[in-house]
Amino acid sequence: MREAERPGTGRSPDVGAQAVAPFEIRRPLQQTESFVFNSPHSGRIYPELFLSMSRLDRLAIRRSEDHYVDELFAGVVQMGAPLLAAQFPRAWLDVNREPYELDPRMFDGPLPAFANIGSMRVAGGLGTIPRLVAENMDIYRGRMSVEEGLSRIESVYRPYHANLRRLIAQTHVQFGKAILIDCHSMPANVRVASGSRRPDIIIGDRYGASAAHDLSRAAVSFLSELGYHVVRNKPYAGGFITEHYGRPGRGLHALQIEINRGLYVDEKSLEKTSGFDLLKADLGEFAGQMMAYVREEFSDDRVAAE
């Protein structure tokens, strides 16, 4: 059982005439597991002002979503772990970036001196406020005001991360450890450079920097036993969230999971396919196995000693 879904704080994007909470924290009635699940890219509520600024239609602009990932992992709340889920779309604001990775070409005035304008992600059009969606399609018709960009960061990005930090800290205090599972999806055509087979799932741990090796190995093993082709760190080792929150020497572990969209969604229509329910059930099984493993076998003492 879980509590009613709790909206996030901060100014809400306007959707039509209705203000919608930018994110929600889905909590169990009692947290019984040392896990926090996060779905930062599955938001699918598009502010009308944003749509009016975009050159893309209502389907094309959704290409960057991690489609329905929050629904795929919804069962973890019943299992005793909280789930933080964005409702704002990734194309509007990407919280899996530094707070101020901004492209000066997008704005009508100078950015603050502290903005990171030189990162590879900014160069690729995928900063905190993205310039592109998938397939290198430009989002905006023209430049936006600096005030508009900074307001998204102050009113939504910062509250989102404040809530994520709080969930992780509360979990760490309660259980002596916290395991963040950062949940994403990837295009069906992603391949691993050294092989021709497309992975079903990629587990990222920043090459061991964000989580204990035992946790990563367990995740790969459990998913492989469920019949999925699983690889580790290539081509996705984890983004800002995994890197920023993973501190395994302090009992703070962060794993990123990337799920092949071809398993459960039609990438042209963005509708769920017949594979959705099976995948959701399998991910619930995977989450339960990870929770049991951490309760019964995993020890942070050995990690700290390494």
Quick one: compute the contact order of region 97-189, relative version, from alpha carbon pairs under 8 angstrom and 6+ residues apart, as a percent.
24 percent
Would you mind computing Rg(Cα) / (2.2 N^0.38 Å) for region 230-306, counting N as its residues?
1.40
DSSP bridge pairs, the chain: antiparallel proportion in percent, nearest 5
45 percent
Mind listing the Cα extents of region 60-183 along all three principal axes, in Å, largest one first?
47, 32, 23
Which residue fluctuates the most in the chain, going by a Gaussian network model with Cα springs under 10 Å, if the choices are VAL122, VAL69, VAL156?
VAL122
Work out the P(r) tail for region 148-240: percent of alpha carbon pairs separated by more than 18 Å, whole number.
59 percent
Rounded to whole Å and sorted largest first, what semi-axes of the equivalent ellipsoid does the C-alpha gyration tensor of region 159-306 yield via the square root of 5 times each eigenvalue?
27, 17, 15
Using Cα pairs under 8 angstrom and six or more residues apart, how large is the relative contact order of the chain, in percent?
18 percent
What distance in nm separates the simple spin-label points at MET53 and ALA209, each placed 7 Å from Cα in the Cβ direction?
3.1 nm
Helical mean residue ellipticity (222 nm; -39500 (n - 2.57) per DSSP H run of 4+; nearest 500) of the chain
-8000 deg cm²/dmol
In percent, how large is the relative contact order of region 27-121, given Cα pairs closer than 8 Å and 6 or more residues apart?
39 percent
proj_area_mean for the chain (convex hull on C-alpha atoms), units nm², value 15.9 nm²
Calculate, for MET120 and LEU29, the FRET efficiency according to 1/(1 + (r/R0)^6) with r their C-beta to C-beta distance and R0 30 Å; round to the nearest 0.05.
0.10
Going by Cα centres, region 115-184 and region 185-255 are how many Å apart?
20 Å
Using θ = phi - 60° and the Karplus relation 6.51 cos²θ - 1.76 cosθ + 1.60, list the HN-Hα couplings for region 33-45 in order, rounded to whole Hz, with x at every Gly or Pro.
10, 8, 10, 10, 10, 9, 10, x, 10, 9, x, 9, 10
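Values in this text are rule-based calculations from the coordinates and carry no lab data. Everything numeric in this text was worked out from a predicted model, so none of it was measured. Positions of Cβ are backbone-derived with ideal geometry, glycine not excepted, and every protein chain shown enters the neighbour counts.
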